[in-house]
Every structure is written in structure tokens, then in C-alpha cells.
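Single-structure report; data block below.
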Ligand SMILES: [Zn+2]
């Protein structure tokens, strides 16, 4: 491709709304253009890389036994109502109406559509397992789109869904997908860490996220030297117990005027936050429940959601709290709280002489001890894990790293097949719901993650396997006939050799073209100039290295071919 004939609008300045490097570079290097908040046009250069990632994904999905199809973006609300997600998915679900005033969703995910497809078509276990996938545009009405395609409203995803007769078959496919994902990201040149995660709005029991390690990542990973790794939301942890040698004292009510936050209460009573126990109320479907947690920790709502198995979970309102505890927010506690499910976080274990709300306005109870003053029947891991906590599998200290989620795989079980009544006849002729898995990869996100991992102050440094072009030919002076004849000659030879080549035939200063070359990050640059040509030489340079290699012009093509194969191997191994 000749630069003058394609469309690569590069920019000197970072876009004003860009906070992270991939967003800045994707706009500056002319890979994409913002149409509206969180909505982008993928320009020719960006689209080439997107297609390359898609191709790698496609090859590995096909090799893993998955079959491609393409589902609609517009999904009737009836299906989302059947699974109950129309109301619980939240405002990220982009809802639209057609001219007959019927409700539709622009698909952020396709569990409903694919399960509906299968429930009408597959009746026998003999057709299972079945794995289907698509590569398609998704919509998510983000409250605050940012970070370019990382948190866009419209983005490209690969989503796969598998159907099984039993858990064992799902386990086998889940493992196969796990391996396929590992290979996909490796082939894209990315070093990823698979970590245990929380299943969020998709649901299911077991899930892994594939994270690209990057300091700018939105996701926090907690890991241990024993190999345990999980997202902060998905992580379990043990807490170092807060124990002070002391006698059990008598419970006492004290006035704590205007002190209702942890900070205010601990200051007023001059106590460690670990001695204060917060009582937090949630509405779990129709029922109000109470969570007890140490004052220095936060509740991980995803864990509460999962442990209770409810479909909706929300913080109780101030009125509800007043109604069940008799006290305004900040003054409720477990002592005398009747007729309510109460679950304590593991952080409460070993505590003595604690402080809790007194269920009376402006009052707290001090020196509270359980089971003397109240009973807790159920202890669970409900706190948000953090660095410094202890590893759930070996007890060593968890450390924190940041990462970008590029893929996630889920064991869904029968969640969707049950609610959508998708059943098949098993080997005994009995009707059972399909056991399902689902597997996503953010295609545009993977492109952005690659830039986060591979760039320098001058621009992108594409791994060879996903670079939009492999070679950039840069003639220094396009008005010089000898230079252009040589550049054209190289272009033809490299294209004939099956390589992807961009020829910068723009009539611009060499310095300007070098800057653009570094910005768009094509892995190999071939510089053609009058002075070198007179010595029978051209210059070859790898974008990721500093040194320029002078080569005989008749050896340049074979050398470039060799370097490309080496680079491909190198990026797949990294
Ligand atoms: Zn460990």
C-alpha cells in the first residue's frame, strides 16, 4: 500500500480526553477516530491490526473445535425478560424501541440469543458438546466512557458459548478454551496471566480472567508466590487477626453524638478501627440482611451476591435501616437485632471487646463480645481482599499488580438453560437443562493492551504478528528519480514475496516521515536514500531497536524476509 493512497491521519498532539497511552497512540497514529463519546471509527491502519487479532482468534477457536456463526446485534427484550436480566443487568444495557414501540437491547453479550437458538434446535445428547462463537460489535452504555477502546460503548468482541450434557464435558472444554486463550495471547505477543475472577453479571461458578500486566491497567491482581492469582474482586484472603491480650469486659452503652462514620467513632472513642464492627444492611431480592465486618475493611458485594444466590442485591435505604434496626444509618448493630439473617465476615474471628452501633440514635455499645452479647451462626469470606492479606492457599502475603483484562472464560452451568427452559434428552431419555460455558475476548481491547505493553516515547512498537504492515519503505526524497525507482523496486519484490508493505511516498521532509514511522510502529523500516544508493546500500532498522543496519541493496529483500520470520517467532514467544 502506498501511503498517499491510503488514509493514515497522524497527529502531533495527544487527544484532550486521553488518559492512557494506548488511547493517545491509537488516535495519534491514525488507528481510530472518535465519532462520539466511547464510539470510534476504526481507520484503515487500526482495522488491519484488528483483523489480524481476529484471524489469530479464529484459527485458535477453530482448532479448539468451535464453529463460527454471527448473531444479531438487536435482541428482543422478551428473551432478556425470560432470564430476568432485562431489569438486573443495569443501565449498561442499551435499550432501544422499534417503530411498533417494542423493546430491544443492543447486545452487550449473547447468552440469551444463543440459548434461544439451541433450545429450538438441539434435542439429543448425541449432538453435544457443541461450541459456537462469533466475532461481533457489542454495545455497553458505559456511564463514563474513557481510555479509548478500553472502556468504549461500542467495541469488538469474540464470544463463544458451549453446550454440554454434563459437568465433565464442560470441564474438558473449559480446559481446552483455557489453553486456546493462552495460545491466542501468546501469538499476539502479549504476556498474560490467567487469574481467578468474579463472575459479575454473567453469572456462573468458576471463571478466569486473562490479564495483560500493565501499570496502567484498571484491574487489580492479587497474587502469591505459590501461584495463587485472582482479581481483587475475585480474590479470597485470610486476614491477620487483630488480637489484644485483655480481659473480657462488660458491655456498656455510650453516647457518641454525631459520630456515625468509622473515622468519627474511632476518633471519638479513641479506638483502633479493627475493634469497631460495622453492620451493613442489604436488600437481597425482597429480604433485608445484615453483614458484620471489621471497621477497617470493605464488603465485597460480589461475594455477598454469590453466597446468598439472590438475583438482586442493593444497599438498604436509610428508611429500611431505621425500620429494621430502630436507628439511623451509622448507629445500627447486631445486639438485639431480631429476626434477620446475619452473616459475619471472617475478619470478626478472634475479636473481643468490640464496638458496635447500639440500635439507638447517637449511641454505640462498647465491650461487646460474642456469643455472650449476640450470636453469629455464619462466618464467610465477605471482605474485599487487599495487598498484605494472607494467601488463601498457603498463608503467605498477597501482593498487588495491575493488569488489563483481555479475556474471560466462565463455567455457567445451567443458569441460562434453566431460566430459558433449554433442555435436551440425556442418555436415559430424561430431559435435562444444557450445561453451558461462555468465553469472551475483547478484540479491540487486545489491540489497546498490546500498545500498553509495547511502546516508547516516540510511538507504538507493534509485535510482528499483529502489526498492520510488516515493512515500511521510507524513501528520503520522493522527487529523486533514482530513489523512487529503487523504492518502487523494493516494494514490488517484498509484496511479491508475500509481505505486507507500506510505502511512504509522501512528498514530506525526511524528519517528518521518520517521526510518523516511529509513531505508527511498523516493526521493520527500510530507508532508501540517494547517498546510500550510490554506495550500493540501503538501511534496515527494527522499530524495537536503535541501531540502523546498512545492507547491500541486492541482499536487502532476503535479509528482511529472514528478520520477519525471526521477529514472528520472538513475538509469539514473549
Ligand atoms: Zn500462596
request  = Kindly establish whether residue 92 is in contact with a helix residue (DSSP H, G or I) (Cβ under 9 Å, 6 or more places away or on another chain) and in contact (Cβ under 8 Å) with a residue 24 or more places away in the chain.
outcome  = yes
request  = Working only within the range 366-395, note down all residues that are within 16 Å of the ligand (Cβ to nearest atom) and either in a loop (DSSP other than H, G, I, E, B) or within 23 Å of the chain's Cα centre (by Cα) (or both).
outcome  = 381, 385, 386, 387, 388, 389, 391, 392, 393, 394, 395
ask   = Among helices (runs of 4 or more DSSP H) lying entirely in the range 437-548, which contain 1 or more residues that are over 42 Å from the mean Cα position of the chain (by Cα)?
value = 481-496, 530-534
ask   = Which one of 440, 459, 403 is surrounded by 15 or more Cβ atoms within 10 Å (Cβ to Cβ), away from the ligand (no atom under 16 Å from the Cβ), modelled with pLDDT under 95 and over 22 Å from residue 127 (Cβ atoms)?
value = 403
query = Taking strands (runs of 3 or more DSSP E) that fall entirely within the range 163-252, which contain at least 3 residues that are surrounded by fewer than 21 Cβ atoms within 10 Å (Cβ to Cβ) and in contact (Cβ under 8 Å) with a residue 60 or more places away in the chain?
reply = 219-223
note = Residues in the range 212-227 that are at pLDDT below 90 and within 16 Å of the ligand (Cβ to nearest atom) total 1
ask   = From 230, 240, which residue is closer than 14 Å to residue 398 by Cβ, within 16 Å of the ligand (Cβ to nearest atom) and in contact with a strand residue (DSSP E or B) (Cβ under 6 Å, 6 or more places away or on another chain)?
value = 230
Index of the failed condition, residue 306 passing every other in (1) part of a helix (DSSP H, G or I); (2) over 22 Å from residue 376 (Cα atoms) = (2)
task = Go through (1) crowded, with 18+ Cβ neighbours inside 10 Å; (2) modelled with pLDDT of 95 or more and name the single condition residue 85 misses.
result = (2)
task = Output the residues belonging to the range 253-263 that are out of contact with any helix residue (DSSP H, G or I) (no Cβ under 8 Å at 6 or more places or on another chain) and assigned to a strand (DSSP E or B).
result = 253, 255
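The values are calculated or read from the model by the stated rules, or taken from the named source; none is laboratory data. Nothing here was measured: the structure is a model prediction, and the numbers come from that model. Don't worry about glycine lacking a Cβ; one is built from the backbone with ideal geometry, like all the others, and counts go over all protein chains shown.
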